[in-house]
Amino acid sequence: MIPDFAAIVGPGNVLSGTDMAPYLEEQRGLYQGSALAVVRPGSTKEVAAVVRACAQAGIAMVPQGGNTGLCGGGVPDGRAVVISTERLNRIREIDSVNFTLTAEAGCVLSTLQAAAEDLDCLFPLALAAEGSCRIGGNISTNAGGVAVLRYGNTRDLVLGLEVVLPDGQVWNGLRPLRKDNTGYDLKHLFVGAEGTLGIVTACVLKLFPRPREMATAMVALPDPAAALSILAAARAASGDAVTACELIPRIGVDLCVRHVAGARDPFDAPHPWVMLIELSSSRPGGLGEALESVLADALERGQALDAVIAESGEQRKALWRIREGVPEAQKKEGGSIKHDVAVATSRVPEMLERCTAAVEAALPGVRVVAFGHLGDGNIHFNLSQPVNADKQTFLEAWKAMNRIVHDIVADMGGSVSAEHGIGMLKIEEMARYKSPVELDLMRRIKTAIDPQGLMNPGKVLP
Ligand SMILES: Cc1cc2nc3c(=O)[nH]c(=O)nc-3n(C[C@H](O)[C@H](O)[C@H](O)COP(=O)(O)OP(=O)(O)OC[C@H]3O[C@@H](n4cnc5c(N)ncnc54)[C@H](O)[C@@H]3O)c2cc1C
């Protein structure tokens with residue numbers, strides 16, 4: 001029997017029927033979920049009571065934040081209750097001396113960025129979904145984004161967590177400490193667990209001094225190897241102030257210009273690749289000059305074919321529009337098969353070459369749109385359908401293309417899921433590439449924390 005959730009969270013916070021629709025649809029349309037109910041607790045105490053009631057009734061639970069995940073991790077299978085964190089939206093404390101922010105899991109990422117800025121600080125996690133994803137979701141997927149090169153993944157930004165465990169107990173690990181070697185560091189089990197070990201209800205996050213100077217450039221390149229040389233030179237010349245380093249292929253720029261409102265190619269010639277490089281520092285002065293000098297040198301050596309440095313906030317936004325518009329443009333171009341892979345940064349050019357040759361040989365006409373976080377070695381190796389191809393027929397090649405790309409990436413010691421997680425989408429892939437020892441350890445951790453297997457079943461683990 002379904003527990004009386006309304007008695008815990010109030011009748012307005014238990015949704016059923018068509019009211020559940022936004023919680024059941026997933027971003028890419030790959031999965032359509034259904035649920036027993038959607039429950040929206042407003043406090044940690046309410047989350048704990050809802051989880052306890054589910055555990056006692058043997059009902060599965062699917063934690064959900066902003067529902068922007070790209071692997072189906074937040075999609076319920078009909079026998080589960082969705083527990084949405086959207087009402088857990090309070091900032092509990094900001095300590096600008098300790099450089100920490102304590103927030104509830106349902107806070108929208110952009111709200112936390114703004115709260116940090118109000119205190120002249122920076123919370124550096126930044127991704128295109130920041131206006132709707134929630135910090136508990138970011139933590140549970142160990143989100144990456146565009147500033148990993150400088151500040152690390154979400155895991156590196158979390159100092160403490162509060163988690164409701166699958167039996168309803170609350171683990172209060174909300175410690176704002178930068179040093180704490182008292183046994184196993186439990187918070188790291190929950191970061192990136194995609195809701196399979198418990199529900200994150202609050203967190204302590206690291207803040208940083210707010211940047212006072214920023215220098216952003218788009219650079220036209222002959223090939224990706226040139227981008228790596230420019231990145232290394234910019235890191236050295238700027239006191240390691242490079243915050244973002246993104247790579248975009250010719251086709252990515254072209255699709256953006258074609259499909260994304262306001263997107264404009266800043267160059268006159270159709271260069272094979274472009275990179276977006278951004279430096280930032282809390283100490284004003286000198287960054288622009290450092291970047292200019294690195295680019296002048298790169299132009300002289302033929303590593304850069306052309307370069308544009310943003311001279312205003314508007315120009316900076318216009319350059320970012322080209323990078324951030326690529327997924328939207330690809331969507332409008334028909335079917336796309338996605339890969340979120342990482343290799344050692346130094347090996348990205350080799351990976352691009354090998355994967356491109358292999359998929360083009362297997363599927364003539366396929367259009368490789370490989371873009372993304374070059375500075376982290378993380379490339380979204382996406383494939384757009386051949387021009388005029390049938391979308392459905394193309395998408396039927398999803399698994400075959402995955403196999404080709406992932407086998408090459410694994411052969412290079414890389415990862416088949418760099419930042420988006422496993423969810424339902426990549427369970428088989430993860431099982432194929434992880435060692436039996438690793439898989440066994442993961443299963444034993446899951447069983448120890450969630451012996452009934454009620455927390456987000458069917459996700460992550462094979
Ligand atoms: C346009 C766009 C751009 C994106 N760019 C990036 C990017 O650059 N880098 C990147 O890493 N990702 C990116 N993503 C993916 C997505 O935004 C991130 O994975 C984000 O961190 C998910 O947050 P969410 O609140 O939407 O989580 P949801 O989608 O709601 O949930 C994701 C997973 O976390 C679990 N979960 C959610 N909240 C909790 C909680 N409180 N406790 C326990 N488990 C929980 C869910 O069960 C699910 O398994 C992008 C997505 C979009 C749509």
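The values are calculated or read from the model by the stated rules, or taken from the named source; none is laboratory data. None of the values given here were measured: they were computed from a predicted structure. As a convention, Cβ positions derive from the backbone with ideal geometry for all residues, glycine included, and neighbour counts pool all protein chains shown. When the accessible area is computed, the model is the full protein with side chains, heavy atoms only, and any ligands, DNA or RNA have been set aside. Shrake-Rupley method; radii C 1.70, N 1.55, O 1.52, S 1.80 Å.
Indicate the gyration tensor shape class of the stretch 213-327 (rounded, prolate or oblate), computed on the Cα atoms with a ≥ b ≥ c the square roots of the eigenvalues: a/c under 1.5 is rounded; otherwise a/b larger than b/c is prolate and the rest oblate. The shape class here is oblate. Each Lys or Arg adds one and each Asp or Glu subtracts one; over the other residues with Cβ under 10 Å from the Cβ of THR216, this totals 0.
A compact globular protein would have a Cα radius of gyration near 2.2 N^0.38 Å; the ratio found for the stretch 1-155 is 1.10. Placing dummy labels 7 Å off each Cα toward the beta-carbon, the span from ILE2 to TYR184 is 3.5 nm. Using the alpha-carbon atoms, what tilt in degrees (0 to 90, nearest 10) does helix 436-449 show relative to the longest principal axis of the chain? The angle comes out at about 40 degrees.
The Rg/Rh ratio of the stretch 312-462, with Rg taken over Cα atoms and Rh as the Kirkwood radius over Cα pairs, comes to 1.03. Summary of the geometry: the stretch 172-232 and the stretch 85-120, compared by the centres of their Cα atoms, lie 16 Å apart.
Of the chymotrypsin sites (Phe, Trp or Tyr not before Pro) found in the stretch 151-225, those in coil by DSSP whose Cβ has at most 15 other Cβ atoms within 10 Å are TYR184. Taking the C-alpha atoms only, the angle from helix 398-411 to the longest principal axis of the chain is near 70 degrees.
Rounded to the nearest 10 degrees, the angle from helix 287-301 to the longest Cα principal axis of the chain is 50 degrees. The accessible area of GLU289, taken with all protein chains in place and a 1.4 Å probe, comes to roughly 120 Å².
Here the dipole of the chain is about 900 debye; that uses its Cα centre as origin and unit charges on the Cβ of Lys and Arg (positive) and Asp and Glu (negative). Accessible surface area normalised per residue over the chain is 42 Å², counting heavy atoms of protein chains with a 1.4 Å rolling probe. Kirkwood radius, the stretch 174-272, all distinct C-alpha pairs, inverse of mean reciprocal distance: 18.4 Å.
Checking the cross-link pairs LYS187/LYS434; LYS317/LYS399; LYS206/LYS338 against a 25 Å limit on the alpha carbon distance flags LYS317/LYS399; LYS206/LYS338 as lying beyond it. Entry for the stretch 5-84 at q = 0.14, 0.21, 0.24, 0.27 Å⁻¹: log10 I(q)/I(0) = -0.42, -0.91, -1.14, -1.35, Debye formula applied to identical alpha-carbon scatterers, no solvent contribution.
With a sphere of radius 10 Å drawn around the Cβ of GLU46, what net charge do the other residues whose Cβ falls strictly inside it have (Lys, Arg +1; Asp, Glu -1)? Every neighbour counted, the sum reads +3. Nonpolar atom fraction for the chain, defined as the carbon and sulfur part of the 1.4 Å probe accessible area, stands at 52 percent. The magnitude of the dipole of the stretch 91-209, with charges of +1 and -1 set on the Cβ of Lys/Arg and Asp/Glu and taken from the Cα centre, is near 260 debye. Evaluated at q = 0.06, 0.08 Å⁻¹, the base-10 log of the normalised Debye intensity for the chain, with identical point scatterers placed on the Cα atoms, takes the values -0.27, -0.49. Give the value in nm², to one decimal: projected area of the alpha carbon convex hull of the stretch 333-408, averaged over all directions. Average projection, Cα convex hull of the stretch 333-408: 4.5 nm².
If you look at the Cα atoms of the stretch 374-462, you get an Rg and a Dmax of 15.9, 51 Å. The sum of -39500 (n - 2.57) across all DSSP H runs of n ≥ 4, divided by the residue count of the chain, sets its helix-only mean residue ellipticity at 222 nm to -10000 deg cm²/dmol. According to the Cα-based calculation, Rg over Rh for the stretch 91-209 is 0.94, with Rh computed by the Kirkwood formula.
Comparing GLY17, GLY288, VAL257 along the charge dipole axis of the chain, the residue lying farthest to the positive side is GLY17, per the Cβ-charge model.
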